[in-house]
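Notes to accompany the following structure.
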Amino acid sequence: MILQESISTAVDAIRANLMRSLLTTIAIVIGTASVIAMVGIGSSAQRAIDDSITNLSARTLTVYPSRGRGSQTVNASPLVIKDADALIKDQEIKWRITPEIRGSKTLKFGNESISISVIGVRENYLSIQGYEVEEGLFLTERDDLARKRIAIIGSSVGTELKTSSKALIGKDIDLGGVTFKVIGMMKSEGSSGWSNPDEQIYIPLLTAADRLFGRQIVDSIRVEVPNTYSPEEAMISIERVLRREHDIGPGEENNFRINDWSQFTDLQKQATAIFSALIIGIAGISLLVGGIGVMNIMLVSVTERTREIGLRKALGATHQAILLQFLIEAVTLCIIGGVLGVVLGSGIYLLISIWQDWVFTIPFSAIFGSVTFSACVGLFFGIWPARKAARLEPAVALRYE
């Protein structure tokens, strides 16, 4: 009965000063909303990262020419098509290889012209990258060997030319002064940070080398490692083949570098975790500030209700009953703030999920933890005002004006 009466009294006191109570809980609301939103956004972002890495294949390595040190390049030597062919011929690991020649050219169609990124690739580029053709065809090995002037466009290229990308299929385009026939359109992939596949054009590798760019030097070589081998094993084999091709002697440094994209994935996961921890830490500080605000308002409430406390004690209310009443009032204030914060944080998370096209998953653990922590904040910061109220002498309290 004492607990039920204390809860009823606490709720009535909050209702009597509803606006003040809501303003008191603002810091609690903000802190809880931050926790919920960041935990939800962090988990969804992590899933999106994992999915994108899966699409790109976490078992894909990329070989680049060495950057050197400052203005000095150690044993400088570019990567060429023959390097990729040497890797293809090596049978120690059943990997798949696709070299890339990249460059920027002017694309003209009708009266429109734009600067666009052109990539010379081989037939297996599509499957290694995890891309798909939405309309038309992709290039074949025969197209590459015949150095055909064919092109596959990204889904946004047509828009940049003020037409439809599908309408370009079967049409001739001028690419750097060379006429190409568009045979297909890629499925939209979206931006991947530094590049956007939707705004690129793909042509056969040898066509790019001999007819468009006039060079055998490739910008990178992608290597898809089979599941039976680890990326580390593949990197050792790649190094062995390329050191032989580049005639690098024992003890000399490599003039190429190999990127293991799974390492970047781990770094990105760590960065996401650190950022989430930072935001949650800030949210925790906000909750503590909110607790101080609750303690302050409860002290004011004790002062305002001194006569009421004296009257209750005169009518037989015990020390414990008064203590419990004000503790419950402080905890209730914080729980209300926590619940409002859950609603606000979930709403923010939902809107961002819709905007980013993420799967919305309710973070139950974060909700439970935030509301529980809010209640603990109310309990901790409500003890002093509650004890102050409970220690008031009835005679003194009744004479208080």
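Since every read-out is calculated from the coordinates, none of them should be taken as a lab result. No experiment lies behind these values; they were computed from the predicted model shown. FYI the Cβ positions are ideal-geometry reconstructions off the backbone, even for glycines, and counts take in every protein chain you see.
Only Cα pairs under 8 Å and 6+ residues apart enter the sum, and on that basis the relative contact order of the stretch 60-259 stands at 35 percent.
Length available on full extension from ARG257 to ARG215: 0.36 nm per residue minus the Cα-Cα distance, which gives 13.0 nm. So who's got an amide H within less than 5 Å of the one on ASP90, skipping anything under 5 residues away but keeping other chains? H placed 1.01 Å off N, in plane. Amide H neighbours of ASP90: none. Within the shell defined by Cβ-Cβ distances under 12 Å, the residues around ALA16 carry a net charge of -1, with Lys and Arg each +1 and Asp and Glu each -1.
With a Förster radius of 45 Å, plug the Cβ-Cβ distance of SER115 and ARG240 into 1/(1 + (r/R0)^6) and report the FRET value to the nearest 0.05.
Efficiency, from the Cβ-Cβ distance: 0.70.
Treating r as the C-beta distance of PHE275 and THR318 and R0 as 60 Å, the FRET efficiency rounds to 0.75. Mind pulling the per residue volume of the convex hull built on the Cα atoms of the chain? Å³ is fine. Cα-based convex hull of the chain, divided per residue, equals 222 Å³. A simple count of charges around GLY177, restricted to other residues whose Cβ falls under 14 Å of its Cβ and scoring Lys, Arg +1 and Asp, Glu -1, yields +2. Computed extension length for SER188-VAL11: 58.2 nm, one decimal, from 0.36 nm per residue of separation with the Cα-Cα distance subtracted.
Close amide H contacts of SER220 (hydrogens built in the peptide plane, cut-off under 5 Å, sequence separation of 5 or more or a different chain): GLU100.
Among ILE93, ILE354, ILE116, the ranking by other beta carbons within 10 Å of each residue's beta carbon, starting with the fewest, stands as ILE354, ILE93, ILE116. Express in % the proportion of alpha carbon pairs of the stretch 289-366 at distances exceeding 15 Å. When all Cα pairs of the stretch 289-366 are counted, 68 percent exceed 15 Å. Between ASN124 and ALA375, what is the label-point separation in nm under the 7 Å Cα-to-beta-carbon projection? Going by the 7 Å Cα→Cβ label model, 5.9 nm.
Counting neighbouring beta carbons within 10 Å and listing from fewest to most, the residues GLU123, GLU233 come out as GLU233, GLU123. Within the stretch 95-163, report the trypsin sites (Lys or Arg not before Pro) that DSSP leaves as loop and that have at most 12 other Cβ atoms within 10 Å. Filter output for the stretch 95-163: LYS162. Comparing mean-square fluctuations of ALA16, ALA208, ALA321 from a GNM of the chain with C-alpha springs under 10 Å, the top value falls on ALA16.
If you look at the Cα atoms of the stretch 138-207, you get an Rg and a Dmax of 12.0, 34 Å.
The helix-only estimate of mean residue ellipticity at 222 nm for the chain, built from DSSP H runs of length n ≥ 4 each weighted as -39500 (n - 2.57), is -18000 deg cm²/dmol after division by the residue total. Electrostatic bookkeeping for SER237 treats Lys and Arg as +1 and Asp and Glu as -1; over the other residues with beta carbon under 12 Å from its beta carbon, the sum is -1. According to the calculation over all Cα-Cα pairs in the stretch 60-259, the P(r) per 10 Å bin from zero is 9, 34, 32, 18, 6, 0 %. Residues ILE152, ILE348 in ascending order of nearby Cβ atoms (within 10 Å, fewest first): ILE348, ILE152.
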